[in-house]
Each structure stands twice: as C-alpha cells, then as structure tokens.
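Bear in mind these aren't lab numbers, they're just calculated from the coordinates by the rules spelled out. Being a predicted model, the structure only gives us computed values, none of them experimental. Here the Cβ positions follow ideal geometry from the backbone for every residue, glycine too, while neighbour counts run over all protein chains shown.
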Amino acid sequence: MSSTLPSKSKNDDLAANARPSASGRFGRFGGQYVPETLMPALAELELAAAEAWKDPFFTDELSRLLRSYVGRSTPLYEAERLTAHYSRADGGPRIWLKREDLNHTGAHKINNALGQALLALRMGKKRIIAETGAGQHGVATATVCARFGLECVVYMGEEDMRRQALNVFRMKLLGAKVQPVSAGTATLKDATSEAIRDWVTNVESTHYILGSVAGPHPYPMLVRDFHAVIGQETLRQCQEAFGRLPDVLLACVGGGSNAMGLFHPFVQQTNVRMIGVEAAGDGVLTGRHAATITEGRIGVLHGAMSYLLQDDQGQVQEAHSISAGLDYPGVGPEHSYFAEIGRAEYVAVTDKEALNALQLVSELEGIIPALETAHAFAWLEKLCPTLGSGKEVVINCSGRGDKDVNTVAQKLGVDL
Amino acid sequence: MAGDPDLKTSEDLLLKLEEAGADMVELGIPYSDPLADGPVIQEAASRALSSGTTLKAVLEMLSALKGKLSIPIILFTYTNLLLTIGMEEFCSSAFNAGVSGLVVPDLPLEEALRISPIASSYGLDLILLVAPTTPPERMKRISENSKGFTYLVSVTGVTGERAVMEDRVGGLVKQLKQSSSLPVAVGFGISGPDQISKVKTWGADGAIVGSALVKRIAQASSGLEAKEAADFCKQLKDAAG
C-alpha cells in the first residue's frame, strides 16, 4: 500500500493543529460559503467551542453524560463468526466491530448532539434546530433537547419522513416539532437547506445542531471533535485486545461523521488504512447513487467546498440510496481532502450489496445493523480476500437497524 | 428570475422595467439550492430550471439586448454556478453580455476577497452584502471592499416580503454611509411603496425589490407578466420620488 500513502510533506499537513486552517480549510476544501447574516454566529460558535474544550467544567460534564446517559464507552467486539465466514485456507483478517449501535438512541449521532447541546447551553441559546435524513440525528437531537429542556425543531424531507416513519414518531414523543420539507427532492439536502434558512432567520435565539462533518466552518471540525471519542476508545481498545494499532478502519460515508469520528485519532498513523464506503445506490454507472467522492466534482453546497454530485451546469443533483442517511449529494470537506491527498480510500457499494450484508451480519452475529452501516459491512466482500492472516480490521458499527426493518422487508418482498 | 417562466418573457420584462423607470435590474440566475432565498424566489428558480434555463442562455439573451437596454444589469446567483464555469470565464462572458455587477449571497467577505479582483479586472462590480447581525467593525471592512454599492440586507432572514420594516435599518443605513462613500441600497423584505419612502427618508441611495416583483410576475396571466411588473415598478418609482 506504500504507493497510496502520503508523501512527507503531506504528513506534515496532517498535523492536527493544521486541520482545518485558520480560515476553516482542509487543503482547498471547506470554508464558509454562507449568507453574511450567519458569519457572526459562526465566529461566536468557533470561539465558544474553543473555550469549552479548555474548560474542565465542560469536558467533565460531557464525559459524565457520555458515560451515564449515552452509555459510553461502547465495546470493541470481536466478530468471530463473521471472521470465520471470510477466512480462507490460508487464514484471513480478524474483524472487530466498534459498537456505536449500542449508544443511547441507537447510533453514533448522539455524541455530537450531546456535545452541541451543552455548547448551546453555554451560549445561552434556548432554541435548537437540526436537519435529519434517516432520522437518527433528529432523534439524537430531540433526545438531548428533552434532557436539557430546550425547544427543538427538526427539518426532514417528506420522502424521508415516509421512509423513516418510526423515527418521526420517536422525535414527536420526545417533544420535538418535525417540520416537513417538500422542496426539491424532499430529502436530506433540502432539509439541510431549510434548516440553514431557519438559522438565517432566527440566528440570534437559535443554535443549529448540524449533524454531520459538513457545512460551513467550524461545523466540520466541531462535529469531528465530538465524534473523535469513537476513535479514541478504539485506539485504547485495540491496544487492550491485540496490543497494537489496527490495520484497517472501515466506515460508511454519507456526510461522513461516523467515519471521521473513527478515523480522526488515527490520521497521523499512516500505516493504518482508512476506508470510507459510499452508497452506490443502483450502481455508480446508472446515475442513481450517492457516491459523492467516487463520482462527484468539486463544488459548494451548504456552506463548504467539497466533492459534490452536480450536473455540468453546476445544479446539484439528486442522490439515490436505499439508506436515507447516505442519501446526500455532498460529503464532509475533510473527507474530500483525505481523498485528494490519498490518506483515506473511498469506495462504493450498491443497495443490493448493502442489503445482503445486513442479512449476513444479522444471521452470523445476531446484530441487525442500520442500512447505512451495512454499506461498510458490504465492503468486506471485496476487502477480506485481499488481506492476509493476522490483519486486524475495525468496522464502525455506527447504528442499529431497527428503524430500517420496514424498508428491508419491503425490498425482500415480505409483507409485514 | 431569468427564465421564469421563460427567457423570452425575461427579455420583455427587462425592456418594460427600464421603460417604467427602474434604475437597474437585479437578474437572478436560477440555482437548485438557493440558501438565502425564501419560498417565492425558490419557486421561481425551480420554474426557471424546469424551463431549461442555463447561465449560457441567459447571457446570450442579454447579449442580444445590448444597445436596446441602457440601465445596468446586476446578476444575482450562487457560488457553485460561478465555480462550475470558472470565475475568469464567468466574468469575461458576463462582461461581454453587458453585465455591470454581481451579487453572490453565499460569498461573504472572506471568500469574496479572493474573487473580487478577478471581477474588477473584467469591469464587473462584486457587490457585497451587510446584514443586521454584522458587527460595526466588520461592516466597515465590507463596505470598504464592496464595489458599485453596498447591499444592506434589511432583515435577519431570507428573501421575501415583510409587512413592516424594522426601524433599526435606519441606523444601519446611517452607519454604512459614515463608514464609506459607496452608495447604499437596501434589499430583502421590501414589499411596496411605503417601505421605499421610508428607506429613502433614512438616506439610502437605492431600494431593491425582489420577491414582491417575482410574485407579481408569477401571478400574472400568461403574456401579461411584463405589463404587471412595469405597473408595479412605476408605483415603486413614484414612491422613490
């Protein structure tokens, strides 16, 4: 793999304090492409986050709640039957799952929602808005808002509300208002645009809990830093389990928050391969997919420069994926940067491959992963045959699949 | 919005608006994800995209109007469209089509500083926006770096008509006039003659009416779009005195 590793100068770029730059850039990606109205709020947020991380009251409170409310740390689980499934006569890699699906609310999303809610409290903002695709980030945000008594409005595309009716009801039970978005493709992209418009209008009273490592600076950094706990625990747990760094990290990428949380503490360990798995929908050649890094071109969406699915005129295209959480035509700018400098590899698997993986993991491990997460599992089919015995692979098991059972049944032709 | 409902209508609109006394026209290039726009302009952009409107076709329409139209044309569009064609090429073709300036609402000062010199080198003014949330020191830097005029966003929010205009806008106009010699035009939320008079009293040099005009165009019977728009424009012009 030495040919794909970054050169020495690239390594220097990877020093944590250089990412992002003072102007919010990861290489040429990132930045702040937003209406002027939001610029002071972004500056305020950046400052508040920097001060919070230095304040033991904040970090202690965050750690305490991550432990007692979220249920961290999550286990690093050795998937023995999955390992056996992919083993050959000459052996094969050992597969570990970082069990983010065991977090409160069923996915990694709450790490960030909790952190940002604590920040909002520090900034004196009493109204919270969020966007959601699969509903996991919406549920996580509604949950922490209930916990802290904050008003909560979640923007969600009408198409996603139909696909994820269970999560819509969960958010309502938690006291949040779910605001349907019918504009454009009525999915995550449009919900995000509508949340940004709400923020432009109510910026003085409202904090926007953006749910991925996307959006204008400082969000890609802020969300990454709240999810970095995933990688920090993994680093320690790998030492305990097999006494060294893992060889490969594997995670699904829509906006890319669970992948970035896992990758972040390993970025400078360049002998650890990092692989992000995008959604190829019906197949990248069909045009019906959400494989942004694999097939996109550099553009600006939702405040950041990054790879983007767009037509030759620069109009943003509709993404397609069986998984609402990956159905997004953009991707976090730091992922685009990692792709460009070759620090991480980005691949794509189809809806069908993800469905197969979801069934396989359910049957072999007794764990029903979310459809998003199933994309990461699906890549094992291609990855495992290339890895020798003794290689250690960690998959971010980013969410549980309960929310997807209806979709899966429908795809499998089962009438519930 | 160029191309709403089609480019032939847009051409007609530009000519009739000039006749009705418009001092300049801000013409939208439709974009799929207009972050700074409320429902009226979003829907207009969707209609324009559905009718197949492209940047190239808009610029061709403007080129054909050269000589027939004497008021300045300002293009209003989003960063991704500029990136796609490339800033140099965008500016050169816009200039050749007779365009005078550019408003890009998702390009705040920091990002605008990189491309403003390119626009200037092609004779285009990159007009920067100031919002009610902008702190005084930053307001000064924006107005120093804006070209043509400074665009004062009168509301904390997206484009769209508002029933009343907040009195704090008066203070913002005054502040801007003190910090730079550039003219100040007030936009976002201006829906009719009363607000134009108010903005004028406060000392603004111009008022920009978007959604209120776009809504009238959308509601007009087919073929009467330009007439409706021109009638409205005359009322606004009368209010401006």
### Task
For segment A:214-228 and segment A:392-416, write down the distance between their C-alpha centroids in whole Å.
27
### DSSP bridge orientation in the protein assembly as shown - percent antiparallel, rounded to nearest 5
25
### Query
For segment A:284-323, list residues with backbone N below 11 Å from a point placed 7 Å from the Cα of A:Lys382 toward its Cβ?
A:284, A:294
### Query
Where the convex hull is taken over the Cα atoms of the protein assembly as shown, what is its projected area averaged over directions, in nm²?
29.6
#### Entry: Hz values of 3J(HN,Hα) by residue in segment A:312-324 - Karplus curve (6.51, -1.76, 1.60), Gly and Pro given as x
5, 8, x, 7, 6, 9, 6, 9, 9, 7, 4, 9, 4
## Note on the structure
Under the rule rounded for a/c under 1.5, else prolate if a/b exceeds b/c, else oblate, using alpha carbon gyration tensor axes a ≥ b ≥ c, segment A:73-135 is classed as prolate
### Query
What's the exposure ranking of B:Glu43, A:Glu334, A:Glu36, going from fewest to most Cβ atoms within 10 Å?
B:Glu43, A:Glu36, A:Glu334
### Query
With a 10 Å Cβ neighbour count serving as the proxy for reagent exposure, in which order, fewest first, do A:His335, A:His217 appear?
A:His217, A:His335
### Task
Specify whether the C-alpha gyration tensor of segment A:214-299 places it in the rounded, prolate or oblate class, a ≥ b ≥ c being the square roots of the eigenvalues: rounded for a/c under 1.5, otherwise prolate if a/b is larger than b/c and oblate if not.
oblate
### Message
If I build a Gaussian network model for chain A, linking alpha-carbon pairs within less than 10 angstrom, which residue out of A:Met39, A:Met161, A:Met221 has the largest mean-square fluctuation?
### Response
A:Met39
### Using θ = phi - 60° and Karplus 6.51 cos²θ - 1.76 cosθ + 1.60, couplings along segment B:81-87 (whole Hz; Gly, Pro as x)
5, 5, 4, 4, 7, x, 4
### Message
I'd like the mean, over residues of B:124-130, of how many other protein chain beta carbons sit within 10 Å of each residue's own Cβ.
### Response
1
### Long-range HN-HN contacts of B:Thr133 with modeled amide H, under 5 Å
none
### Query
In whole Hz, what ³J(HN,Hα) sequence does segment A:384-399 give by Karplus (6.51, -1.76, 1.60; θ = phi - 60°), x for Gly and Pro?
4, x, 8, 9, x, 4, x, 6, 10, 10, 10, 9, 7, 7, 6, x
### Query
In deg cm²/dmol and to the nearest 500, what is the mean residue ellipticity at 222 nm of the protein assembly as shown if only DSSP H runs of at least 4 residues count, each as -39500 (n - 2.57), divided by the residue total?
-13500 deg cm²/dmol
### Task
Taking only Cα atoms and a 10 Å spring cutoff, compute GNM fluctuations for chain A and point out the largest among A:Arg224, A:Arg297, A:Arg99.
A:Arg297
### Relative contact order (%) - criterion: Cα under 8 Å, at least six apart; region: chain B
20
## Note on the structure
Spelling it out for B:Phe76: with amide H atoms placed in the peptide plane at 1.01 Å from N, the residues 5 or more places away or on another chain with amide H under 5 Å from its amide H are B:Leu27, B:Gly28, B:Ile29, B:Val103
### Task
Starting with the highest mean, order A:47-54, A:377-384, B:7-14 by the number of other Cβ atoms within 10 Å, averaged over the residues of each peptide.
A:377-384, B:7-14, A:47-54
### Summary
Here the membrane-span-like helices of chain A, with no claim about any membrane, defined by DSSP H, Cα axial extent at least 15 Å and mean Kyte-Doolittle at least -0.5, are A:39-54, A:110-123, A:136-148, A:219-242, A:351-365
### Query
Peptide B:26-33: average number of partner chain Cβ atoms within 10 Å per residue?
5
### Message
Going 7 Å from the Cα of A:Ser362 along its beta-carbon direction, which residues of segment A:138-168 have the amide nitrogen within less than 18 Å of the resulting point?
### Response
A:163-167
## Note on the structure
If A:Ile341, B:Ile74 are placed from fewest to most neighbouring beta carbons inside 10 Å, the sequence is A:Ile341, B:Ile74
### Task
From other protein chains only, count the Cβ atoms within 10 Å of every residue's Cβ in A:188-198, then give the mean.
3
### Task
Compute the Cα gyration tensor for segment B:7-236, then decide on rounded, prolate or oblate, letting a ≥ b ≥ c be the square roots of its eigenvalues: rounded whenever a/c is under 1.5, prolate when a/b is larger than b/c in the other cases, and oblate in all that remain.
oblate
